[in-house]
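What follows is one structure encoded as structure tokens, with my remarks underneath.
Each reported figure results from applying straightforward, stated rules to the coordinates on display, with no laboratory input. These numbers come from a predicted model, not from an experiment. Using ideal geometry, Cβ is built from the backbone for each residue, glycine included, and neighbour counts are taken over all protein chains shown.
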């Protein structure tokens, strides 16, 4: 009985630590995305695949956003790095030839809005 109670406590504590780590990562993502308003137009207005499901806001969507930002935003790699850390262990694929595209700034806004939806305490 003591072993079961101890294991339950360990799972609760480790689950809480993961939750807190992800919350911290979301806060960093939101902070960095707030800086994109000052990014050069040639970065924010380039066309990228429209593969982010802004209604779902799942880890796979953040993973796809990381793949796109790391491919199209070489100079602003901090966003990609933060998204990669947030989605560690998540596998996703992108069909680079979907035909559906949107501007990078809209993708970044979708990511920002989803991050705020998941982490609403950040202002």
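A few notes on this one:
- Residue ranges 40-49, 64-73 sort as 64-73, 40-49 when ordered by packing (mean number of other C-beta atoms within 10 Å per residue, highest first).
- Measuring nothing but how far apart in sequence close Cα pairs (under 8 Å, 6+ apart) lie, relative to its length, the stretch 22-118 scores a relative contact order of 45 percent.
- Packing, taken as the mean count of other beta carbons within 10 Å per residue, orders the peptides 108-120, 26-38 from highest to lowest as 108-120, 26-38.
- Descending principal axes extents, the stretch 22-118, alpha-carbon based, whole Å: 31, 28, 22
- With the simple model of a label 7 Å out from the Cα in the direction of the Cβ, residue 24 to residue 98 spans 3.2 nm.
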